[in-house]
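Below is one structure. I have some questions about it.
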Amino acid sequence: MTKPRILVVEDERIVNLDIQGALSRLGYTPVGSAGSGEEALEAAASLCPDLVLMDIHLAGGMDGTEAAGCISRDRDIPVVYLTAHSDEETMARALSTAPFGYLLKPFEDRELRGVIELALAKSRMERDLRRAGRAAEEASQAKSAFLATVSHELRTPINGILGMAELLLLSGLSDEQRT
């Protein structure tokens, strides 16, 4: 099994390197880093990570919640927030993007592992559910097409038989011929 590939989005260089070190110690593959929301979008597009660890407050014109929303929507990559901010406004903005996790800094390696594993499992389950939904929809369409064909194929000869029987009944048949 391949190690999950993780993109780190953190504008403080030392913290970014520390997170990448923790990921390596935990057996994950840090595939790159970004320091702004704009860089995060580019890195997510080019590196195709399995997960993004995202700080909420970033340098530049795009904060982490905006970048996370774009990454989740456009790339279907799960995002976990790593932030030092837990005020209500920050939490509300984070929750509006439906993140796969939220971890307050500073954190322990075991906390980071737990959040990552839950996020990856949830992401796999959601993808499997979407795949199963598409398969069920395709099966339903195939069933409908089959039933329409069978219905047509049965109605045509039955209509012919009923029509011929009606013509026979309208003709001058004797009582013996009618039974």
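Which of the residues belonging to the stretch 1-14 are over 24 Å from the mean Cα position of the chain (by Cα) and in contact (Cβ under 8 Å) with a residue 60 or more places away in the chain?
Within the stretch 1-14, just 10 meets the criteria.
What is the one condition in (1) under 30 Å from residue 52 (Cα atoms); (2) part of a helix (DSSP H, G or I) that residue 158 does not satisfy?
(1)
Let me ask something additional. Here's a check for you: in the stretch 15-48, which residue that is crowded, with 24+ Cβ neighbours inside 10 Å and within 22 Å of the chain's Cα centre (by Cα) is nearest to residue 92 (Cα to Cα)?
That would be 37.
Out of 82, 104, which single residue is without any contact (Cβ under 8 Å) to a residue 24 or more places away in the chain and closer than 22 Å to residue 40 by Cα?
The conditions single out 104.
Here's a follow-up. Does any residue in the stretch 127-142 that is touching a residue at least 12 places away in the same chain (Cβ under 8 Å) come within less than 9 Å, Cβ to Cβ, of a residue that is surrounded by 10 or more Cβ atoms within 10 Å (Cβ to Cβ) and part of a helix (DSSP H, G or I) six or more places away or on a different chain, and which pairs are these?
Close Cβ pairs (under 9 Å, with a partner that is surrounded by 10 or more Cβ atoms within 10 Å (Cβ to Cβ) and part of a helix (DSSP H, G or I)) do not exist here.
Results for (1) open to solvent by less than 80 Å² (accessible area, probe 1.4 Å); (2) more than 15 Å from the chain's Cα centre (by Cα); (3) not aliphatic (A, V, I, L, M), shown as yes or no for each residue.
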| site | (1), (2), (3) |
| --- | --- |
| 76 | yes, no, yes |
| 79 | yes, no, no |
| 84 | yes, yes, no |
| 88 | no, yes, yes |
| 99 | yes, no, yes |
| 108 | no, yes, yes |
| 141 | no, yes, yes |
| 146 | no, yes, yes |
| 164 | no, yes, no |
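The values are calculated or read from the model by the stated rules, or taken from the named source; none is laboratory data. Since this is a predicted model, take the numbers as computed values, not measurements. Positions of Cβ are generated from backbone atoms using ideal geometry, with glycine treated the same way; all protein chains shown enter the neighbour counts. Protein only, heavy atoms only, side chains kept; ligands, DNA and RNA dropped before computing areas. Shrake-Rupley method; radii C 1.70, N 1.55, O 1.52, S 1.80 Å.
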